[in-house]
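Asker: What follows is a single structure, and I will ask about it in a moment.
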Amino acid sequence: MTHIDLDQAPVAPRGSLGGVPVVDLSAPHEAVAAAIAQACRDWGFFQVTGHGVSGGEVERVIATARAFFARPREAKRRQLRSRDNPWGFYDRELTKEQRDRKEVFDIGPDAGGFAAVPGDPFEGLTPWPEMPQSFQPAMRDWFAAMAGVAQRLVALIGEGLSDGGEMSRAFTPAHTSYLRLNFYPLGDALAEETGSEARLGIHHHTDAGALTVLLQDGVGGLQVHHLGQWHDVEPLPGAFTINIGDMVQVWSNDRYRAPPHRVLAMDRAERISIPFFYNPAYSADIRPLIGTPHYAPLNWGEFRRRRADGDFADYGTEVQISDWRVAAM
């Protein structure tokens with residue numbers, strides 16, 4: 001099979017195809033479910049308004065994230081994550097084995113009250129920083145708000161697939177979602193330290209879990225690959241950006257495709273984004289729910305562990321959902 005470098009695909013003119021769909025969650029239920037099903041089929045990316053999260057909550061979490069990343073690098077590295085505990089600060093993350101030009105702080109399921117149990121792929125706790133003092137309460141509140149939005153969206157997506165609630169049940173008894181703070185700086189402060197310069201904020205990838213609820217701070221840079229071109233996902237004031245992940249692709253048996261997306265390197269302004277990755281329980285076995293299966297059943301905990309090893313360092317090649325694809329009958 002010929003390898004296609006998506007990063008070399010052209011960028012669509014701004015405004016072409018009208019941009020990613022926008023769904024008002026306050027509209028009548030049937031209209032919302034139909035709009036989400038169409039957005040998942042056509043793009044795998046959409047923005048939602050009418051979600052019920054206040055502007056004050058949005059301002060609070062962005063201000064808190066910005067205050068954390070403004071701290072000296074050595075102070076942030078006191079909460080440095082590791083292979084065994086993936087929660088905390090990191091500034092050398094890899095996507096498809098290429099370093100990204102960003103800093104992250106990952107907040108684990110314990111922020112939502114979900115304690116790890118023996119045998120989980122990850123048993124560490126979030127190493128909460130002491131400063132800013134507002135950090136832990138602000139992030140716990142945001143985690144809860146995003147879990148509510150994501151839970152509703154998964155139920156709506158499952159309704160469009162007539163799944164009988166199976167998708168939602170995969171998140172019980174304890175989902176393994178996590179909250180990430182992304183900071184995209186101007187320039188690459190680690191280029192000399194690492195011996196190479198990162199070309200993109202995040203290299204192209206699909207998200208491993210079910211879906212992502214993303215808050216953008218108003219600075220552009222996110223792009224989604226659609227119909228052979230990269231399309232800018234312009235931040236819409238008051239909206240969250242949603243993209244489906246690999247698990248929804250499996251559940252839908254390719255009716256809905258997890259879209260490749262990337263973030264450009266910042267050249268004019270710093271950028272903050274805050275994605276919430278809504279992930280099943282580690283014990284959940286994911287399988288196609290419709291049609292002749294295109295994928296072998298997979299265990300979410302195993303998939304998550306192997307993907308994390310590829311993201312963190314050179315512990316292994318980053319796995320892709322295509323590794324579970326079965327040959328046509």
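The values are calculated or read from the model by the stated rules, or taken from the named source; none is laboratory data. Computed from a predicted model, the values in this text were never measured in an experiment. Using ideal geometry, Cβ is built from the backbone for each residue, glycine included, and neighbour counts are taken over all protein chains shown.
One line per residue, one yes/no per condition, for (1) out of contact with any strand residue (DSSP E or B) (no Cβ under 9 Å at 6 or more places or on another chain); (2) more than 18 Å from ILE272 (Cα to Cα); (3) at pLDDT below 95:
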| residue | (1), (2), (3) |
| --- | --- |
| ALA144 | yes, yes, no |
| SER162 | yes, yes, no |
| PRO185 | no, no, no |
| SER196 | no, yes, yes |
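Asker: A follow-up question, please. Would you confirm whether any residue within the range 127-134 is surrounded by fewer than 20 Cβ atoms within 10 Å (Cβ to Cβ) and free of Cβ contacts under 8 Å to residues at least 24 places away in the same chain?
Answerer: yes
Asker: So the check is Cβ under 6 Å with 6+ separation or different chains; which pairs have a first residue in the range 161-178 that's farther than 15 Å from ASP285 by Cα and a second one that's among the polar types (S, T, N, Q)?
Answerer: Going by the 6 Å Cβ cut-off, the qualifying pairs are LEU161/SER252; SER177/ASN279.
Asker: If I ask for residues that are within 21 Å of ARG152 (Cα to Cα) and surrounded by fewer than 20 Cβ atoms within 10 Å (Cβ to Cβ), which ones from the range 254-282 would you list?
Answerer: Within the range 254-282, ARG255, ARG257, ALA281 meet the criteria.
Asker: If you don't mind, another one. Could you run through the range 16-65 and say how many residues are free of Cβ contacts under 8 Å to residues at least 12 places away in the same chain and acidic (Asp, Glu)?
Answerer: 2
Asker: For the range 113-124, check the following and say yes or no: at least one residue is over 30 Å from SER26 (Cα atoms) and among the β-branched types (Val, Ile, Thr).
Answerer: yes
Asker: Which pairs turn up if I take residues in the range 264-284 that are closer than 21 Å to GLY245 by Cα and look for partners that are basic (Lys, Arg) with beta carbon separation below 8 Å, at least 6 apart in sequence or on another chain?
Answerer: Qualifying pairs under 8 Å: ILE274/ARG180; PRO275/ARG180; PHE276/ARG180; PHE277/ARG180; ASN279/ARG304; TYR282/ARG304.
Asker: OK, next. For the structure I just gave you, tell me whether GLY310 is modelled with pLDDT under 95 and touching a Leu at 6+ places or on another chain (Cβ under 8 Å).
Answerer: Yes, satisfied.
Asker: Here is a list of conditions, (1) modelled with pLDDT under 95; (2) surrounded by fewer than 11 Cβ atoms within 10 Å (Cβ to Cβ), and GLU30 meets all of them except one; can you say which number that is?
Answerer: So GLU30 meets the others, but not (1).
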